[in-house]
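Scroll down for the structure; my scribbles are underneath it.
The values are calculated or read from the model by the stated rules, or taken from the named source; none is laboratory data. As the structure is a prediction and not an experimental result, all values here were calculated from the model. Positions of Cβ are backbone-derived with ideal geometry, glycine not excepted, and every protein chain shown enters the neighbour counts. Ligands, DNA and RNA are stripped out before the accessible areas are found, and what is left, the full protein with its side chains, is counted by its heavy atoms. Shrake-Rupley method; radii C 1.70, N 1.55, O 1.52, S 1.80 Å.
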Amino acid sequence: DMYQIPLHLAVNRFHKKMPPPSLVYHKTILAYVDHKQAWPTPTAMTKDENVKDFVSYIRETWLPQTSPSLLDHDLFSVEALSKLAQQATAELVAVCSVTGGMVGNEIIKAISGKGTPANNTVLFDGQTCKGWYFLLQEKK
């Protein structure tokens, strides 16, 4: 299972030195949810408090334990993590539509036998509007 592989070892042919940013952010949010049993949902009253809690947990606890070599990467800067915490629960109709279309396409390929379905991982980055189908594997 890809989620058992440490983040700094989850690479693919497109991202040889570092895992894809979408995967990084996804695993970061899930780590926080596992720890707090809540989403990093900033509300008008607790926005700063929730964002600071998210950033401090990721930078001071989770990342040093799981992938300390990534601590200095731009994806884990205070600014990047603050932005991620503020957007973690946003739902964008366009992203849902694109992702639904991608999944529908893969189901049709699997059922019809025409074309090769995605192998292992499908990631869609709603910030950059890029999608990838690829096999993620542990760096050796």
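Could you run the Karplus curve 6.51 cos²θ - 1.76 cosθ + 1.60 with θ = phi - 60° over the range 65-72 and give me ³J(HN,Hα) per residue in whole Hz, x for Gly and Pro?
For the range 65-72, the Karplus-derived couplings read 7, 9, 8, x, 5, 8, 4, 8 Hz, x marking Gly and Pro.
Could you rank VAL51, VAL78 by how accessible they are, 1.4 Å probe, largest area first?
Numbers: VAL51 15, VAL78 70 Å².
Sorted by accessible area, descending: VAL78, VAL51.
Just subtract the alpha-carbon distance of HIS26 and THR61 from 0.36 nm times their residue separation and send over the number in nm, one decimal.
10.9 nm
Quick check for you: with a 1.4 Å probe and neighbouring chains kept, what is the accessible area per residue of the range 57-108, in Å²? Walk me through the intermediate numbers first.
Values: 3180 Å² over 52 residues.
The answer is 61 Å² per residue.
With the crude spin-label approximation of a point 7 Å out along Cα→Cβ, what separation in nm comes out for TRP39 versus THR116?
The modelled label-to-label distance comes out at 3.6 nm.
State, to one decimal in nm, how far the label point of LYS109 lies from the label point of GLU79, with both points 7 Å from Cα in the Cβ direction.
For the pair LYS109/GLU79, the computed spacing is 3.7 nm.
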